[in-house]
Amino acid sequence: MKNKYSIFSLIKNAFSQHENWKQAWGDPEPKKEYEAIIIGGGGHGLATAYYLAKKHNMRNIAVLEKGWIGGGNTGRNTTIIRSNYLWDASAGLYDHALKIWENLSQELNYNIMFSQRGVMNLAHNLQDVRDLKRRTHANRLNGIDAVWLSTDQVKEFCPIINTSPDIRYPVLGGTLQRRAGTARHDAVAWGYARGANEMGVDIIQNCEVKGIKRNGDQVEGVETSKGFIKTKKIGVVAAGHSSVIANMAGLKLPLESKPLQALVSEPVKPIIDTVVMSNAVHAYVSQSDKGELVIGAGTDAYVSYTQRGSHDVVEGTLKAILELYPIFSRMKMLRQWGGIVDICPDASPIISKTNIKGLYFNCGWGHWRF
Amino acid sequence: MFLINCPYCGERDQSEFSCGGEAHIVRPKQPTELSDDQWAEYLFMRKNIKGVQFERWNHAHGCRKWFNMVRDTSNDKIHAVYKMGEKPPVE
C-alpha cells in the first residue's frame, strides 16, 4: 500500500501539522469505457468494487455516485452490525459478513472503529418471547452465538432499562449476540473507497445515472450527468433508488422505498455500553464514542423519497424510549434525519442477475443493510 | 407528514390514514389459472416511482373508507384525491 496508515506515518505527518496527507482516493473524470460499472457509491457499492478488484482481479471498474462518498444511507444508518437472523440463508449471509467485519480494519488499513459490544433484542409480549426464543435456537444450530436472557438478566446486562412489569410494553426477556456491535459507518465507505482506488478502481462522485442503454437484452452502457459511459456489465447497488434505476431498464422490482429515521442526542458520559433493539416498539439505542445517544426509529408506512420522514414516527419512538429508559427524560436531541430504505415483502435482500444480460442487482436490504 | 383531503371527511392529518400502496393494479380474473410468476407480478412487483404516483389510501382512524390519491413521492405533494371507481385524473 503506497500510503499506509500507521503510528509512524502519524508521527511523520505531525511534524508538518498534518497538512501533507495524501488524498485517500482520486477524483478522476470518467473514461469512455469500463469492464464493469457499479451504480451507487455506498458501503455495498464500494465493497462490490473492492472485492471484484481483489478477489476477481477486475481492475477496470468505475463506481458512480450521485452525491458524495458517505453522504447516502451509509452515513445515515444507526451503525448496528449483527447476524442473529432466523432463516438459514440469512444467517449464512450475515454471519459471513460479520466475520469479514472482525478483520476489516486490518484488511483495509483503515480504522472502522468496529466494536463488538453486543446487541440485545428485547421481547415485549408473549409472541415476541416465542419468536425470539425460536430465533435463538435457530441461530445456535447455525453456529451463531445467540443466547436468551430472562428479564433479570436483561436488567443485569443493561441496568438502565426499566424492567418494571407495569409499564405499557414490559420487558419479558431478550436475546443477546455478543459478537454483534457497531462500527463507524462512514469510515467503512471511506476505507473501501481507498482500498478499491488503490487497486485501480475509479470512484466518480457527483455523477448521476440518467439512463441505461440496451441493445436487445444486453446492456451497452449508462447515460450519466458526466456523459455516456460504455460497459457490458452494470452492478446496481442503489439502495432506496434501486427501483428508479430498474425503471430506466424497463424492469420492476418487488421493492417499496420508505424513509427510515434516526436521531442523535447531545453527547453525555458513557451510560449504555451495548446496543438495545426493541422491534415491537421501534426503539433502537446505542451510544457513539463521542457520547451521543444514537436512536433508530421506524419507517413511514408509505412510499416516499424525501429524506426526512414524519414527526409522529419519531414521537412514537421517543415515547417508547422514555418508558424503557426513564433516565433519558431530560436528554436533548441534536439532529434528526431520514434515509430511504428499499424494503422487500419478505424483508430479505436480493442479490441477483436479471433477464437483461450484464445487469445485476444488489438491493432490498431494507432496514438491515449495514 | 402531511395533510390529506379525505373525499368524505375533509382535511385531516396523515397519521389518521394508512397507505394501501400502488393503485390500479387489477386483481386477476382467474386466480386459479395463474403461474407462480404471474402471481408474483400481481402480489409483489411494484413501480415504486420517484415522482408522481397513483396510490390507494384508507382513512383508518376516520370514516374507514378507501380512496385514491395522486402524490409526488419526491416531495410528498398531493396533486389530486379521487374516489374509488372514479377515473384517475390525466396529468
Count of lysine pairs in segment B:3-83 with Cα atoms under 23 Å apart, counting only pairs 8 or more residues apart in sequence or on different chains?
-> 7
Can you give the relative contact order of chain B as a percent, counting alpha carbon pairs under 8 Å and 6+ residues apart?
-> 27
Solvent-accessible area lost in complex, 20 Å² minimum, residues of segment B:23-52 relative to chain alone, 1.4 Å = B:Glu41, B:Phe44, B:Met45, B:Arg46, B:Lys47, B:Asn48, B:Lys50
With label points set 7 Å from each Cα along the Cα-to-Cβ direction at B:Glu33 and A:Asp88, the distance between them in nm comes to 3.8
Got a sec? Which residues of segment A:210-250 lose 30 Å² or more of accessible surface with every protein chain in place, vs. that chain alone, 1.4 Å probe?
-> A:Asn247
For the protein assembly as shown, what % of the accessible area comes from carbon and sulfur atoms, probe 1.4 Å?
-> 52
For A:Lys319, the lysines lying under 16 Å Cα to Cα, once residues fewer than eight places off in the same chain are dropped, come out as A:Lys332
When chain A is treated as a GNM, springs tying every alpha-carbon pair under 10 Å, which of A:Gly221, A:Gly181, A:Gly26 comes out with the largest mean-square fluctuation?
-> A:Gly26
Please identify the longest segment of chain A free of exposed trypsin sites (Lys or Arg not before Pro), where exposed means a DSSP state other than H, G, I, E or B and no more than 11 other Cβ atoms within 10 Å.
-> A:33-167
For segment B:3-83, give the magnitude of the charge dipole about the Cα centre (Cβ charges: +1 Lys/Arg, -1 Asp/Glu; no others), in debye to the nearest 20.
-> 260
Between B:Tyr8 and B:Glu86, 0.36 nm times their residue separation minus their Cα-Cα distance comes to what?
-> 26.7 nm
Note on the protein assembly as shown: alpha-carbon gyration tensor, axes a ≥ b ≥ c; rule is a/c under 1.5 for rounded, else prolate if a/b larger than b/c, else oblate; result oblate
Of A:Ala146, A:Ala239, A:Ala280, which has the largest mean-square fluctuation in a 10 Å C-alpha GNM of chain A?
-> A:Ala280
Here the relative contact order (percent) of segment A:26-144, from C-alpha pairs under 8 Å and at least 6 apart, is 21
Can you tell me the relative contact order of chain A? Whole percent, Cα pairs under 8 Å, sequence separation 6 or more.
-> 20
Any idea how far apart B:Cys63 and A:Arg134 come out in nm if each label point goes 7 Å out from Cα toward Cβ?
-> 4.0
For chain A, size of Cβ-based charge dipole, Lys and Arg +1, Asp and Glu -1, in debye | 700
Candidates A:Gly40, A:Gly309, A:Gly143: whichever shows maximal mean-square fluctuation once chain A is modelled as a Gaussian network with Cα springs under 10 Å | A:Gly143
Return the subset of A:Lys4/A:Lys290; A:Lys4/A:Lys226; A:Lys66/A:Lys258 for which the Cα-Cα distance in this structure is over 23 Å, preserving the input order.
-> A:Lys4/A:Lys290; A:Lys4/A:Lys226
Treat every Asp and Glu Cβ in segment A:128-173 as -1 and every Lys and Arg Cβ as +1, leave all other atoms uncharged, and give the resulting dipole magnitude about the Cα centre to the nearest 20 debye.
-> 220
Evaluate E = 1/(1 + (r/R0)^6) for A:Gln127 and A:Glu35, where r is the Cβ-Cβ distance and R0 equals 45 Å; express this FRET efficiency to the nearest 0.05.
-> 0.35
Net charge near A:Ile327 (other residues with Cβ under 15 Å of its Cβ; Lys, Arg +1; Asp, Glu -1) is +1
Rounded to the nearest 500, what is the 222 nm mean residue ellipticity of chain B from helices alone, with -39500 (n - 2.57) per DSSP H run of 4+ residues and division by all residues?
-> -2500 deg cm²/dmol
Taking Cα atoms, how many degrees apart are the long axis of helix A:185-198 and the longest axis of chain A, rounded to 10 and kept between 0 and 90?
-> 20
Label-zone membership for segment A:91-135, site A:Met199, 7 angstrom Cα→C-beta point, backbone N under 12 Å = A:108
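The values are calculated or read from the model by the stated rules, or taken from the named source; none is laboratory data. Computed from a predicted structure; not experimentally measured. Cβ: placed from backbone, ideal geometry, glycine included. Neighbour counts: every protein chain shown. Heavy atoms of the whole protein, side chains included, go into the accessibility calculation; ligands, DNA and RNA do not. Shrake-Rupley method; radii C 1.70, N 1.55, O 1.52, S 1.80 Å.
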